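Where a number appears in this text, it was derived from the coordinates with a stated rule and is not lab data. No experiment lies behind these values; they were computed from the predicted model shown. All Cβ positions, even for glycine, are placed from backbone atoms using ideal geometry, and neighbour counts span all protein chains on display.
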Amino acid sequence: MESAEDWLVESLRLYQDFHAFDLSGATRVLEWMGDKGILVAGYESLKKNEILHLILPLRLSVKENQGLFPERDFKVRHGGFSDRSVFALKHVPDTRLLVTSGLPGCYLQVWQVAEDTDVIKAVSTIDVHETEGSLWSRVAIFSSAAPGVLHGVRLSSLKVVDLESQKTTYTSGVGDSELLSSLQVLDADTFAFCCTSGRLGLVDTRQKGLQGAQEGACSLVISLAPAVKVAHRKAPGFDGTVQVYDVTSWDGMWGRVDPLFTHRGHIFLDDNGVDTAPLVTTHTWHPDKPRTLLSAASDASLHVWDWVDLRASC
Amino acid sequence: MPEIRVTPLGAGQDVGRSCILVSIGGKNVMLDCGMHMGFSDDRRFPDFSYITRNGRLTDFLDCVIISHFHLDHCGALPYFSEMVGYDGPIYMTQPTQAICPILLEDYRKIAVDKKGEANFFTSQMIKDCMKKVVAVHLHQTVQVDDELEIKAYYAGHVLGAAMFQIKVGSESVVYTGDYNMTPDRHLGAAWIDKCRPNLLITESTYATTIRDSKRCRERDFLKKVHETVERGGKVLIPVFALGRAQELCILLETFWERMDLKAPIYFSTGLTEKANHYYKLFIPWTNQKIRKTFVQRNMFEFKHIKAFDRAFADSPGPMVRSGLRGPARLGPCLQVVFATPGMLHAGQSLQIFRKWAGSERNMVIMPGYCVQGTVGHKILSGQRKLEMEGRQVLEVKMQVEYMSFSAHADAKGIMQLVGQAEPENVLLVHGEAKKMEFLKQKIEQEFRVSCYMPANGETVTLSTSPSIPVGISLGLLKREMAQGLLPDAKKPRLLHGTLIMKDSNFRLVSSEQALKELGLAEHQLRFTCRVHLHDTRKEQETALRVYSHLKSVLKDHCVQHLPDGSVTVESILIQAAAHSEDPSTKVLLVSWTYQDEELGSYLTSLLKKGLPQAS
């Protein structure tokens, strides 16, 4: 493809490192397991989806002498099969457990990543009481000695369930049936929620009800880089790019802000030849390398890229 | 049960010592004979004790097949044939045959001269070993003997690499060696037809790998070269004669053109000396694009890439020729150079390395594995101070980059190949079965095949049901057709005949014809059963009662009452006689030939139930 070659030449200037992989199925999740492995999972309906634990290529995980490591490939370390589409996947820190959420069927699946084989096995489920069949529960993990699974489809059904005992340790206690779009655990007692309406709020699990809500504040999916530059991906369905913003340069005004960098690789390296360009489904930051991101798209591509800050060269 | 047995040889699970023993249809074939480059003791060789236990190797093995010239696939060949002892045929493709001995000799020199190894195979052994080689062409069926045949398929990966099909009768095995499913700039992609082998043997590491795209690997190479050149540095790229050099030259030429760069690229004439010789071998093995572009001209003739004479490497500017035979003239300084040998252990590449190592602006890009003992291996291990000849210490300040351009298949590629060949079973070598349950399940589910993962030294036995073609005689066919029922694929019908195996011929004929051909007379077997009945009347009346009874019960059969009083049901004869001692008991003699066994038994049990009361 002509434009792919052109883009690649451009990429010499735009990126320090760039890796492009083809997964066997597109993923909507990119979850770290330790600092050398990532988890991906398929979301196709009516077929068996794979959940894979991939080990980063040496070239991407060593801290020094990168040049001496020719290994650029991911290794499939563990795998499992899911009969359902996986829309969310969380690793329970310091354990070998994973929690997934998807459709059909409104429940969470708990998995175990084996130690002596390459199998990811389903071990138990967590009920989510929701009658509407097309809705799936958002998930976040309270990591502690007794990990808790925060989940919910609506504000009213927000719950924290102790992973081991399956006892409920928190309920929102509100009647508001607004749909949730994301959950983020902030510390041992607090979490943030975002609704599909754009409402953003904070919850202290030691208190009743929901605190601090703001309207129209979270229509975007954001993630914070370890070094506080922000990667931002427009809500799924928008386009095939990932944009990086620098929050430290924002003066508090919510006017139009230009991105520091826009990753267009998923559009230009799409080999499928279909008319519609792929859409970016998820992204995550590398835990150790401050400018390295991983992004996945609907064409099953997975990119690992380290962008060049062109401002720095001025 | 006919079976196929596969045993990967060698200790340890690492990739790097390919050698697989296959037994099929009574034939024994060795696939590859590699050396593990990481070990300097016996662990580097496959474990041949497994087969030497069976006596003389030449008698036990029908042939050895080598998939390509990489040392982890052919490195142990001279040791195996000349030191362990094997005099049978060794099959490989032509480019493999041409390149193998060169790599083996290089390796031998390094092992003996640089590492001081004793008990290593000699140059003469390499030559003697190569005398046993029989070169094969792609898609050409080669008869090893009158039962065993082999065929090579294009594997991509490196020049001359092939996948092999081994066939005995209707049983076959396909061994992939190393292959690549996406085309290179200079090689095509692997391809195989829907040959449906009983077994496909391939590497497990492929199945657990998700590869970075070729474009990104190339990008990395270009970026490093470009950046070094931009900052005024020099780039040395040590290469082995062909294949990789060609690929990288094409890559640089393409992008130099696109990026409108002026810095000239050089390759040493050491490369081009062999060029014409390999050219003839190379062309049938390249992809279409190369053939179209290069068939008309020398394949090292580029716009931006020029040859330089080794004699002038030290002068301020080298003597440059455009093309192979242009006039030599003093040219600009070398900046980007491809030079042999690939592991920096001698010659031009080492010479240039010594000159350039002292500057941090310079870079050396190692495109492949380097054997222990070479300078290449040392710098790739991170060594920065090297002891050269004459106790001179060379400080390496130049950037060292290790890049892998080896084209291998990955998980997706394996699935593609399995989809093409449609094997009944898949066997993965160099993996640990205990740790690969998910992989096994994935392959089994996706293709509905059985997946095996033997450890080194472990034998996998597959039962096969080979189909044997049998000719049916016209007479027999006609007879079956005469029965009036049309053949129906969904309703198999039982056919009686005699199978005659003569020479290598199988025929199905009628029993009569078989007896005739064999000059045998058919035995007649007749069974007679006595049924006792309580009947006070005379025998003739008993017989009549039997006749009436059977006539009414057996409506589908021909029941007759003969003038002599006996009753026949088809060809079964029933006679009534009086019991010698008890006049109120009658004895029915039921007699039939063995062909009528079913009816005869049925009649007997029917009569044993007794006759209905006479009206």
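A few points about this structure:
- Paramagnetic reach from B:Glu539 (point 7 Å along Cα→Cβ, amide N under 16 Å) across region B:546-587: B:546-547, B:562-568, B:573-587
- Modelled spin-label separation between A:Asp116 and B:Phe39, with each label point placed 7 Å from Cα along the Cα-to-Cβ direction: 2.5 nm.
- Close amide-amide hydrogen proximity is noted between A:Ser172 and A:Leu158, each under 5 Å apart and 5 or more residues distant or on a separate chain (H modeled in the peptide plane; Pro and chain starts excluded).
- Within the same chain, aspartates and glutamates fewer than 8 places from B:Lys478 are excluded, and of the rest, those with a Cα less than 20 Å from its Cα are B:Asp488, B:Glu512, B:Glu517.
- For a straight C-alpha distance cut-off of 16 angstrom, the aspartates and glutamates reachable from B:Lys127 (same-chain residues fewer than eight places away being disregarded) are B:Glu82, B:Asp87, B:Glu105, B:Asp106.
- The modelled label-to-label distance for the pair A:Val308/B:Glu387, using points 7 Å beyond Cα in the direction of Cβ, is 4.2 nm.
- Taking the charge dipole of the protein assembly as shown about its Cα centre, with +1 at Lys and Arg Cβ atoms and -1 at Asp and Glu Cβ atoms, the residue from B:Gln143, A:Gln207, B:Leu462 reaching farthest to the positive side is B:Gln143.
- The alpha-carbon of B:Lys397 sits under 15 angstrom from the alpha-carbons of these aspartates and glutamates, leaving out residues fewer than 8 places away in its chain: B:Glu360, B:Glu387.
- Counting only DSSP beta bridges with both residues in chain B, the antiparallel share comes to about 60 percent.
- Anisotropy class of region B:49-150 from Cα gyration tensor, a/c 1.5 cut: oblate
- Efficiency of FRET between B:Leu554 and B:Lys516 - r from beta-carbon atoms, R0 30 angstrom, step 0.05: 0.30
- Charge dipole (Cα centre; +1 on Lys/Arg Cβ, -1 on Asp/Glu Cβ; no other charges) of chain B amounts to roughly 2380 debye.
- Simple spin-label estimate for B:Lys491 and B:Ser601 gives 2.5 nm between the two label positions (7 Å along the Cα-to-Cβ direction from each Cα).
- Between B:Glu570 and B:Ser123, the contour length at 0.36 nm per residue exceeds the Cα-Cα span by 152.5 nm.
- Paramagnetic reach from B:Arg530 (point 7 Å along Cα→Cβ, amide N under 20 Å) across region B:566-590: B:566-567, B:573-590
- Rounded, prolate or oblate (a/c below 1.5 giving rounded, otherwise prolate when a/b exceeds b/c) for the protein assembly as shown by Cα gyration tensor: oblate
- Percent RCO, i.e. relative contact order, over chain B, from Cα pairs under 8 Å lying at least 6 residues apart: 12
- Entries of B:Lys109/B:Lys234; B:Lys586/B:Lys608; A:Lys36/A:Lys90 with Cα pairs more than 20 Å apart: B:Lys109/B:Lys234
- Of the GluC sites (Glu not before Pro) in region B:479-542, the ones in a loop by DSSP (not H, G, I, E or B) with at most 16 other beta carbons within 10 Å are B:Glu522.
- Computed FRET value (nearest 0.05) for A:Thr168 with A:Ser45, which takes r as the C-beta separation and R₀ as 35 Å: 0.70
- Efficiency of FRET between B:Thr254 and A:Ser124 - r from beta-carbon atoms, R0 60 angstrom, step 0.05: 0.65
- Region B:175-223: relative contact order in percent, alpha carbon pairs under 8 Å with at least 6 residues between: 34
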